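Novice: Below is the structure I would like to discuss, written out as structure tokens.
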Amino acid sequence: MKTYALQREQFLKAREYQAKWTAYQKKKIEDPKAVAPERDLAMEPLVEVLERKRTVHFHCHRADDLMSALRLSEEFGFEIVLQHASEGHRVLEELAARKANVSLTLVEAPGGKAEVVQLIEENAAALVKAGVRVAINTDDPVTESRFYLRTGAIAVRGGLSEPEALKAMTLSPAAMLHLDHRIGSLKAGKDADFAILSGSPFSVYTQVLETWIEGKRLFAREDNQDARYQAGGYALSPRDDRWPGIAQPVKAPAPATAEGPVANLPLGERYAVRAGRLFNGDRFIDNAVVVVNEGKIEAVGPENQVPVPAGIKVVTCAEVTPGLIDAHGCAGLSGGLNVPADQDQDEATDPNTAEVRALDGFNPDDGLLEFLRRQGITVVHATPGRKNPIAGQSGIFITQGRTAEKMALRPQAMLVMNLGESAKESYPGKVTTRMGTAALIRQALQQGKAHAEKPADKDKPVVANPKLDALAAAATGKMPVLMAAHRADDILTALRLKKEFNLDLKLALGTEAYLVLDPIKAAGVPVFLHPPMQRLASSMETMHSYTGSAMVLKKAGIPFALGSAFEGYVPKVRNVRSEAAMAASYGLSREDALASITFGAAKLLGIEATRGAIAPGRPADLVLFDGDPLESFTHVTHTVLDGRVVYSRAEYLQLPLNRRGLQLSGGVGGGCCLGW
């Protein structure tokens, strides 16, 4: 209320100021000696707003704030552009009636602050359909501008046509900026601003080849230095021969189709999936059938070898994959509201919290888990956060269930440690340097080793020491150590610690892993790789981030999996399917991209015996798609966990728009109405 009152008060003052100057200008005609009012530089821009010489861009997400901004513009008659408008879909008629201009921010996932929990991918399509002029923005650095076409693809996935999406990224924003006489369309007499693409604008396999502004080519992908600004690595010296170069995206596959109806839910204990193409965790099979029986896969293979049993329901889809795995993330520990009440990933009381367990903070009702199920993610590796040098014990969970115990596949999976900026900045006076961080970890591991080697005293009862017990398990190789590090020097520190204590080491993040491939390979250490679309300069540690790192690791023979990592703002979680797609657009094969979030991830997590593949006898974790799983505008039609449908797009689409956003509580139901 007060915010609105303050804004209104300033416009009232501007109106009075404007009236004084208008009166003065009239009086000056009659009396050249008339005294001018005192200039107020704070009021001058607001008078230009009242005179419609300036446009007001209002930052607002919620529907009530959108309406407040419009009331203000109506009262004072100024032109307005609503920036972000996350809840625009809730006031479609009102926005359309007022001919509102909306500059819409779209991201892959909801959450990060309370104002954006109702952000949905259908927002742009709903606004355009209602008659609202829409522009699409990235809100860089929320999403980096280099991924602008990927942002537009979210709108296409949400139902906006490709021509309308292009208009929302060209002519409509130009009009909102009053520059449509110069830019925004390709017409004679306008500025020669254009981009040359390798394919369809919104396909993940398409790359920008050239960018021209005012008739001058200012970006060429074939230029080695220009390419660094597209793929990452721009801050490296041009003479640094470790930069991998630009990789060609893999070729888009031919569309896969399967004929037949889609059975109504529930499917029952025994049913079949018919797919135009199946990825089994290792390779593709065309025209495949999967038979599910009592939560397990009964049979799988080409339809000419695996007939559909008579009398059972059949679900038809374009493609099917194993349930997707987020190999390194915080879902379940770090909630979507991003307030203290739902943030449990960092125990900020001690730099060494080896005793804490993700199991004890994992929230089965976290609304982000519902979002992940909608994206086909059936398993998450939930890790403590980045603040503590020794952060605690991770856990591996399925994404639906009533309790953490029932969801846990490995309740105490790895001991998580952190090197780099976050770890050295969280405890002023205790740990302030990289040297101090490494020394703290080294001392703790030495204590753990001594604890493990301490002979038992038969005359004294064993006293549990959870901190030392966890460190002992890590120091003796009984519990893997997941050590997160971005920079090359931190990665090498992790490798030294592995050698010193003979750790079962896994690297996480690995932003600069491509700069130190030989030592990583020699150490036999796998990498839980950063999301390919992570922000290049969110910190000094990610300055050298390279979008094609997955391809580089694959060529070097270093095992890796992709994860969502941790996000401190919007979006609160990343979609690993989109991250795998970006890896494919930078040279990783489609098989390897999908393996990095299915069977390859399962192997690194130690759950490959039951998860990550489609094979007889295994739990039926399946994701059904209406197109190429890696394509930006493909939808998940069904997510199946242990044979049960936990998300159905058909049921999701029955929800009104205002119920499709982030659930404050994910509940234990699947999708809309489904339950166990």
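None of the figures in this text is laboratory data; all of them are computed from the coordinates on show. Note that the coordinates shown come from a computational prediction; the quantities given were computed from them, not determined experimentally. Positions of Cβ are backbone-derived with ideal geometry, glycine not excepted, and every protein chain shown enters the neighbour counts.
Novice: Using mean Cβ contacts within 10 Å as the protection proxy, how do 127-137, 448-458, 386-396, 240-250 order, highest first?
Specialist: Values: 127-137: 21.2, 448-458: 12.3, 386-396: 26.4, 240-250: 16.7.
Ranked from most to least packed, the peptides come out as 386-396, 127-137, 240-250, 448-458.
Novice: Would you mind ranking Cys60, Cys317, Cys330 so that the residue whose beta carbon has the fewest other beta carbons within 10 Å leads the list? Don't skip to the end; give the middle numbers.
Specialist: Working: Cys60 21, Cys317 25, Cys330 30.
Listing Cys60, Cys317, Cys330 from fewest to most nearby Cβ atoms yields Cys60, Cys317, Cys330.
Novice: Tell me, Kirkwood radius of region 2-185 from alpha-carbon pair distances, in Å? Walk me through the numbers before you get to the answer.
Specialist: On the way: mean 1/r = 0.0556 Å⁻¹.
Mean inverse Cα-Cα distance, inverted, gives 18.0 Å.
Novice: Amide H to amide H under 5 Å from His635: which residues, 5+ apart in sequence or cross-chain, H placed 1.01 Å off N in plane?
Specialist: HN-HN under 5 Å from His635: Asp626, Gly627.
Novice: Could you list log10 I(q)/I(0) for region 94-230 at q = 0.12, 0.17, 0.19, 0.21 Å⁻¹, which the Debye formula gives when each Cα is one point scatterer?
Specialist: Summing over Cα pairs of region 94-230 leads to -0.52, -1.01, -1.22, -1.39.
Novice: Let me have the relative contact order for the chain, percent, based on Cα pairs under 8 Å that are six or more residues apart. Intermediate values should be presented prior to the final figure.
Specialist: On the way: 1555 pairs, mean separation 95.7, N = 676.
Averaging sequence separation for qualifying contacts and normalising by length gives 14 percent for the chain.
Novice: Find how much the distance from Arg242 to Glu30 grows on full extension, using 0.36 nm per residue of separation minus their present alpha carbon separation; answer in nm with one decimal.
Specialist: Details: separation 212, 0.36 × 212 = 76.32 nm, distance 7.61 nm.
Computed gain between Arg242 and Glu30 is 68.7 nm.
Novice: Rounded to the nearest 20 Debye, what is the dipole magnitude of region 484-629 about its Cα centre when Lys and Arg each give +1 and Asp and Glu each give -1 at the C-beta?
Specialist: About 160 debye.
Novice: If I take every Cα pair under 8 Å that is 6 or more residues apart in region 535-659, average their sequence separation and divide by the length, what percent do I get for the relative contact order? Each step should come with its number before you reach the end.
Specialist: Working: 152 pairs, mean separation 19.1, N = 125.
So the answer I get is 15 percent.
Novice: For region 39-89, state which GluC sites (Glu not before Pro) are in a DSSP loop and have at most 12 other beta carbons lying within 10 Å of their beta carbon.
Specialist: On the way: sites: Glu48, Glu51, Glu74, Glu75, Glu79, Glu87; in loops: Glu51, Glu79, Glu87.
Qualifying residues, ordered by number: Glu51.
Novice: Sorted from largest to smallest, which semi-axis lengths in Å does the alpha carbon gyration tensor of region 566-663 give for its equivalent ellipsoid, taking the root of 5 times each eigenvalue?
Specialist: Numbers: eigenvalues 111, 76, 41 Å².
For region 566-663, the semi-axes come out at 24, 19, 14 Å.
Novice: So what's the convex hull volume per residue for the Cα atoms of the chain, in Å³? Provide the component values of the computation, followed by the final result.
Specialist: Details: hull volume 135.2 nm³, N = 676.
Residue-normalised Cα hull volume stands at 200 Å³.
Novice: Among Thr316, Thr22, what is the fewest-to-most ranking by other Cβ atoms within 10 Å?
Specialist: Ascending number of Cβ neighbours within 10 Å: Thr22, Thr316.
Novice: In what order do Phe566, Phe58 fall by count of nearby beta-carbon atoms within 10 Å, going from fewest to most? The partial results should precede the final answer.
Specialist: Values: Phe566 24, Phe58 20.
Starting with the residue having the fewest Cβ neighbours, the order is Phe58, Phe566.
Novice: Shifting gears a bit: Would you kindly calculate the mean projected area, averaged across all directions, of the convex hull enclosing the Cα atoms of region 151-206, in square nanometres?
Specialist: Working: hull surface 16.8 nm².
So the mean shadow area of the Cα hull is 4.2 nm².
Novice: Dividing the convex hull volume of the Cα atoms of region 52-129 by its residue count, what figure in Å³ per residue is obtained?
Specialist: Numbers: hull volume 6.4 nm³, N = 78.
For region 52-129, the hull spanned by Cα atoms encloses 82 Å³ per residue.
Novice: Relative contact order for region 2-185 using alpha-carbon pairs under 8 Å, separation at least 6, rounded to a whole percent? All intermediate terms of the calculation are to be shown ahead of the outcome.
Specialist: On the way: 262 pairs, mean separation 26.4, N = 184.
This gives 14 percent for region 2-185.
Novice: Same structure, new question: Would you be so kind as to identify which of Gly268, Val306, Gln248 lies farthest towards the positive end of the dipole of region 228-311, taking Lys and Arg as +1 and Asp and Glu as -1 on Cβ and the Cα centre as origin?
Specialist: Projecting each Cα onto the dipole axis, the largest value belongs to Gln248.
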